[in-house]
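I have placed the structure first, in the form of structure tokens, so that the comments after it can refer back to it.
The values are calculated or read from the model by the stated rules, or taken from the named source; none is laboratory data. Remember, predicted model here, so these are calculated numbers, not experimental data. Virtual Cβ from ideal backbone geometry, glycine too; neighbours counted across all protein chains shown.
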Amino acid sequence: MAVVGLAAGSVVGLATGGDVRSAYAIWVPMASGTWFFTPAQVEGTKPIEFFGSDYADQPSGLGLGEPGRASYDAMYAM
């Protein structure tokens, strides 16, 4: 999966004019799943992820005009 994801992400990155975020959207899920099973996963107490997940992207909770809001908004202004 990781090798296929690397190739697919590279193609998407090139097709979008070098947009790294587009390539990253494919690379992270394809390469960051469960690589080795642990006893907790075999028992079923911890999930097995065939496709990984990106970092937990949650709303900031900062209201408009609060200090730090501009830097949070700048991260998602692309």
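Does segment 1-32 hold any residues that are buried (at least 16 other Cβ atoms within 10 Å of the Cβ) and either touching a Pro at 6+ places or on another chain (Cβ under 9 Å) or in a loop (DSSP other than H, G, I, E, B) (or both), and which are they? Show your work before the answer.
Filtering segment 1-32 down to residues buried (at least 16 other Cβ atoms within 10 Å of the Cβ) leaves 5, 9, 12-13, 22-23, 26-32.
Once the filter is applied, which keeps residues that are buried (at least 16 other Cβ atoms within 10 Å of the Cβ) and either touching a Pro at 6+ places or on another chain (Cβ under 9 Å) or in a loop (DSSP other than H, G, I, E, B) (or both), segment 1-32 yields G5, S32.
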Only unsatisfied item for A70, checking (1) more than 17 Å from the chain's Cα centre (by Cα); (2) modelled with pLDDT of 80 or more, is (2)
Taking segment 23-32 and keeping only residues that are of a type in the set (S, T, Y) and either under 8 Å from G9 (Cβ atoms) or modelled with pLDDT of 85 or more (or both), one is left with Y24
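Out of the residues in segment 33-60 that are polar (S, T, N, Q) and surrounded by 14 or more Cβ atoms within 10 Å (Cβ to Cβ), state the one that is modelled with the highest pLDDT. Spell out the reasoning first.
Applying the first criterion (polar (S, T, N, Q)) to segment 33-60 yields 34, 38, 41, 45, 53, 58, 60.
Within this subset, residues satisfying the condition of being surrounded by 14 or more Cβ atoms within 10 Å (Cβ to Cβ) are 34, 41.
Working: T34: 76, Q41: 85.
The extreme case among them is Q41.
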Is there any pair linking a residue in segment 1-30 that is under 18 Å from E49 (Cβ atoms) to one that is among the small types (G, A, S) and not in a helix (DSSP H, G or I), with Cβ under 7 Å and at least six apart or on different chains, and which?
M1/G33; V28/G52; P29/G52; P29/S53
